[in-house]
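Taking it in order: structure first as structure tokens, then the write-up.
The values are calculated or read from the model by the stated rules, or taken from the named source; none is laboratory data. Model, not experiment: these values are computed from the prediction. Virtual Cβ from ideal backbone geometry, glycine too; neighbours counted across all protein chains shown. Accessible surface is based on the protein model in full, side chains and every heavy atom, while ligands, DNA and RNA are left aside. Shrake-Rupley method; radii C 1.70, N 1.55, O 1.52, S 1.80 Å.
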Amino acid sequence: MSTIVEQKTRLRIKDILSARPVGQELTVKGWIRTARDNKNVYFINLNDGSTLSNLQVVADPETLSKDLFARCTTGACLSVKGLVIESPGSGQSVELKLISMEVLGDADPQVYKLQPKKHSLEFLREIGHLRMRTNTFSAIMRIRHALAFAVHKFFNDREFVYLHTPIITGSDCEGAGEMFRVTTLDLHNIPKNDKGEIDFTDDFFGKETNLTVSGQLEGELGAMALGQIYTFGPTFRAENSNTTRHLAEFWMIEPEVAFNELEDNMKLAQDFLQYLIGYALEHCKEDLQFLNGRAEEENKNKKQEERDEMGLLDRLRFVTENPFEHITYTEAIQILKSSNHFKKGKFKYPVEWGIDLQSEHERYLVEKHFKKPVILTDYPTGIKAFYMKQSEDGKTVRAMDVLFPGIGEIIGGSQREDDLEKLIKRANDVGIKEQDIWWYLDTRRFGNAPHAGFGLGFERLVLFVTGMTNIRDVIPFPRAPKTAEF
């Protein structure tokens, strides 16, 4: 037990439960999780978002009138002044004996949709403005915060420069064309040129522009001047997909390092991932323990053949405690085709050289064959982006994907193509016009150097660390097809 110096506004429940300042009068503010009346003693469980745990407030009719207690419904917001005492009950070491209370905000139980019972994740997505008040989503958001902080700490400690790349862009980094258009043109009276095409010269930027799918191309410009940079910002993809792994708006982390080649890139990726997950294990213990228990309950309800072999905490330690296996794409195809899984027809998707590996293939390599994280390299040219360095064999590129248990690919990266002629040809092959990326090509004309980088989808990382199964549940307000509420 220790003493906390009372502040004028409030004290966080997390600090009170940690310090256990028995005998001190304190003021707390928070939202009611539960309230009950037991033989003329009132019990109110209060939570302020600082911790998964609640602070129990106890009162009797002499200090809390029945009329005031009647307003103590789930979701209501209170300011409570009380005396910290040892708790005689189980589940908490201290509680707050009420001295005085003010209702800051009522919550009508007839219309408040979050009641003290288990709600489905589907239902909670419909009330995204309230779902962060639940244990599950408050835990996820605290872990998301810790991981975001750890991203910046990792790169700052290694003297990377944080580069803010543009959200509005005139280029398509991936060449896929699935981008959200940015325009100020009157959609009811769109200007056309002599060919009947949209005349973008009248638009705000004087050309066709979109929301970015990646900050990588601009990141390369920064690396070729500052040596080593990273981006961490929102990216957008207008892919009409409703799967559990896709969002229309998501956050990407993209380091880029001058003079690095593929081997350096792989080491940076492994160090980065092990650092982030280790940080979460150290700083988010309470929330991870809760989510681990939740995952265990979910696992019990699955069919035997669909159950995860490792619990959430086991999977996290699996990554931090094992060196990553390095194999080529060609070796991976051979392993998959030689497996009993393949011979017995258990793979849903075909396995042959030249295909883009599916999650089931990637998970087999990680979970069944190697039993450790895997970095795949040297992918076929045809299934990778135009900017990746072509290998001497003429068939593959110096690409890498990091594969994790339970999720498959979590990082994609490469050594970048530094041969100007090859880069121009590949851009043309995927439909990217040379004049649209003239500034990018100039980095190969002026002071060219080898460089490499990768992209980590932040939500995929949070998905892995929290053990959730739908990516819409690890971002505060998901954007997906027909979903732009809140």
Inter-site label distance for K97 and E485 at 7 Å from Cα along Cβ, in nm: 4.6 nm
Histogram of C-alpha separations across the chain, 20 Å bin width, %: 20, 45, 27, 7, 0
Rounded to 10°, Cα long-axis angle of helix 420-429 versus longest principal axis of the chain: 80 degrees
For T34, distant residues with modelled amide H under 5 Å away: N45
Listed residues D473, D418, D194, D37 arranged by accessible area, highest first, probe 1.4 Å: D194, D37, D418, D473
Qualifying lysines (Cα of each under 30 Å from Cα of K39; at least 8 residues distant if same chain): K14, K29, K66, K81, K97, K113, K117, K118
³J(HN,Hα) computed for each position of region 202-211 - Karplus, 6.51 cos²θ - 1.76 cosθ + 1.60, integer Hz, glycine/proline x: 8, 7, 4, 9, x, 7, 6, 9, 9, 6
Solvent-accessible surface ranking, highest first, for L211, L276 at 1.4 angstrom: L211, L276
Segment I383-R36, extension gain: residue separation times 0.36 nm, minus the distance between their alpha carbons: 118.9 nm
Label-point separation in nm, L68 to K153, each point 7 Å along Cα→Cβ: 4.1 nm
Amide H partners (placed H, <5 Å) of R158, local residues excluded: none
Contact order normalised by residue count of the chain, Cα under 8 Å, 6+ apart, percent: 13 percent
By average C-beta atoms within 10 angstrom, highest first, the peptides 111-122, 290-301: 290-301, 111-122
Whole-percent carbon and sulfur share, accessible surface of the chain, 1.4 Å: 49 percent
Three principal axis lengths of region 326-463 [C-alpha, angstrom, descending]: 52, 32, 23
Long-range HN-HN contacts of I411 with modeled amide H, under 5 Å: V402
Sites I167 and V22, calculated FRET efficiency, Cβ-Cβ separation with R0 45 Å, nearest 0.05: 0.30
For the chain: accessible area per residue (Å², 1.4 Å): 50 Å²
Per-selection Rg to Rh, region 399-476 - Cα, Kirkwood hydrodynamic radius: 1.14
Hits among lysines - C-alpha to C-alpha of K372 under 17 Å, sequence gap 8 or more where chains match: K267
Inter-label distance for T328 and N428, nm, one decimal - labels placed 7 Å from Cα along Cα-to-Cβ: 2.9 nm
Calculated from backbone phi, Karplus (6.51, -1.76, 1.60) coupling profile of region 284-299 in Hz, x at Gly/Pro: 10, 4, 4, 5, 5, 4, 4, 5, 4, x, 5, 5, 4, 5, 4, 5
DSSP-defined beta bridges in the chain - what % are antiparallel, rounded to 5: 90 percent
Cβ-defined net charge surrounding V182, 12 Å radius [Lys, Arg +1; Asp, Glu -1]: 0
